[in-house]
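**Q** Here it is, the structure, as structure tokens.
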Amino acid sequence: MVELVEPPVSESFLDYLAPADRDFLLNRAQIRKRPSDTVLMYEGDPTDHVLVLLTGWVRAYRHARDGQVVLFALRGPGDIIGEIAALQGWPRTVTIESLQETEFAMFTHEGFLACLHDRPAVGIALFKQLSVRLRDAEAARVNSATMDVAQRVAALLVQLATAHGSPSAQGIVIGMPLTQQDIADSIGGSRRAVARALKTFRDRGLLVTSRQRFVVSAPDVLRRLGGSVPDGT
């Protein structure tokens, strides 16, 4: 039986599965471990295996035509990766790279589809995970079209704090390794503009930062700035 060392992140694939359904799924996988800075999947690769993260974080990104890196998402424990290739037979649409030592459950195309057929709860959890990603993609598209860089940074920090945050004496700690470049790649802004926005938030006491660590000190203020809550002022 596969023991979960880290709890699944909120709204992830494994988070939507009851313990018995998780055991059913994970006991049919091969468990693998990879060090940080390892590419787990390449954009354009025709492979069709499926990964479910158990520990550690990875980033999903694509290179635009001008060579710019576009960060699609940061994935953590409980998230599923590569399911579209397994379901549709498409080449990989993004590159997946580990940010930390990462452990994951690996399924063949046939093995994963068999789990979906044999256990309806697995298919429902997959549908819920895909729905969350569609919602987040739509929100990111709206933010990109209607907000300046500082607003997009605020909206992203609030989103990450809500989904992956844990309380501390300083505020809400975003529970993933995150750099200024990650934020810039995620919102489609320059690293310099992101650095200016973060400095403004720090100077106003809204944010505490250190190496790959962000603590949201005033989530309500950042939420209003990012447009999540109407500002009544």
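**Q** Would you pick out the residues in segment 100-115 that are touching a helix residue (DSSP H, G or I) at 6+ places or on another chain (Cβ under 8 Å) and either surrounded by fewer than 18 Cβ atoms within 10 Å (Cβ to Cβ) or closer than 26 Å to Arg213 by Cα (or both)? Before you say what the answer is, go through the steps one by one.
**A** Residues of segment 100-115 that are touching a helix residue (DSSP H, G or I) at 6+ places or on another chain (Cβ under 8 Å), as a first pass: 105, 107, 109, 112-113, 115.
The answer is His109, Leu113.
**Q** I'd like the full set of residues that are over 20 Å from Arg59 (Cα atoms) and in contact with a strand residue (DSSP E or B) (Cβ under 6 Å, 6 or more places away or on another chain), limited to segment 154-173.
**A** Within segment 154-173, Ser166, Gln170, Gly171, Ile172 qualify.
**Q** Which helices (runs of 4 or more DSSP H) sit wholly inside segment 59-177 and have at least 2 residues that are in contact (Cβ under 8 Å) with a residue 40 or more places away in the chain? Even if it seems obvious, please write down each step before you answer.
**A** Values: elements: 83-88, 109-118, 120-146, 149-164.
In segment 59-177, 109-118, 120-146, 149-164 are the helices (runs of 4 or more DSSP H) which contain 2 or more residues that are in contact (Cβ under 8 Å) with a residue 40 or more places away in the chain.
**Q** Do we have any residue at all in segment 7-19 that's assigned to a strand (DSSP E or B) and not small (Gly, Ala, Ser)?
**A** As a first pass, look at segment 7-19 and keep what is assigned to a strand (DSSP E or B): none.
No; the residues of segment 7-19 include none that is assigned to a strand (DSSP E or B) and not small (Gly, Ala, Ser).
**Q** Considering only segment 1-23, how many residues are among the aromatic types (Phe, Trp, Tyr) and open to solvent by less than 30 Å² (accessible area, probe 1.4 Å)?
**A** Within segment 1-23, residues that are among the aromatic types (Phe, Trp, Tyr) and open to solvent by less than 30 Å² (accessible area, probe 1.4 Å) number 1.
**Q** Within segment 178-194, how many residues are part of a helix (DSSP H, G or I) and exposed (fewer than 15 other Cβ atoms within 10 Å of the Cβ)?
**A** The initial filter retains those residues of segment 178-194 that are part of a helix (DSSP H, G or I), namely 180-187, 191-194.
Checking the rest, the ones that are also exposed (fewer than 15 other Cβ atoms within 10 Å of the Cβ) come to 181, 191-192.
Residues flagged as part of a helix (DSSP H, G or I) and exposed (fewer than 15 other Cβ atoms within 10 Å of the Cβ) within segment 178-194 amount to 3.
**Q** Given the condition in contact (Cβ under 8 Å) with a residue 60 or more places away in the chain and in a helix (DSSP H, G or I), answer yes or no: does some residue in segment 200-215 qualify?
**A** no
**Q** Right, next: Please work out which one of (1) polar (S, T, N, Q); (2) over 12 Å from Val153 (Cα atoms); (3) open to solvent by 50 Å² or more (accessible area, probe 1.4 Å); (4) in contact with a helix residue (DSSP H, G or I) (Cβ under 8 Å, 6 or more places away or on another chain) is the condition Ser210 fails and give its number.
**A** Result: Ser210 fails condition (4) only.
**Q** Quick one: how many residues across segment 13-54 are in contact with a Lys or Arg (Cβ under 8 Å, 6 or more places away or on another chain), of a type outside the set (A, V, I, L, M, F, W, C) and at pLDDT 95 or above?
**A** Residues that pass the stated criteria total 2.
**Q** Looking at Leu156, is it under 16 Å from the mean Cα position of the chain (by Cα) and surrounded by 15 or more Cβ atoms within 10 Å (Cβ to Cβ)?
**A** Details: under 16 Å from the mean Cα position of the chain (by Cα): yes; surrounded by 15 or more Cβ atoms within 10 Å (Cβ to Cβ): yes.
Taking the combined requirement at face value, the residue satisfies it.
**Q** Let me ask something additional. How many residues are open to solvent by 50 Å² or more (accessible area, probe 1.4 Å) and either within 12 Å of the chain's Cα centre (by Cα) or at positive phi (or both) if we restrict to segment 49-98?
**A** Of the residues in segment 49-98, 3 are open to solvent by 50 Å² or more (accessible area, probe 1.4 Å) and either within 12 Å of the chain's Cα centre (by Cα) or at positive phi (or both).
The values are calculated or read from the model by the stated rules, or taken from the named source; none is laboratory data. Just so it is clear, the model here is predicted, and its values are computed rather than measured. No Cβ is skipped: glycine too gets one built from the backbone with ideal geometry, and neighbour counts run over all protein chains shown. Quick note on the areas: whole protein, heavy atoms, side chains included, nothing else; ligands and nucleic acids left out. Shrake-Rupley method; radii C 1.70, N 1.55, O 1.52, S 1.80 Å.
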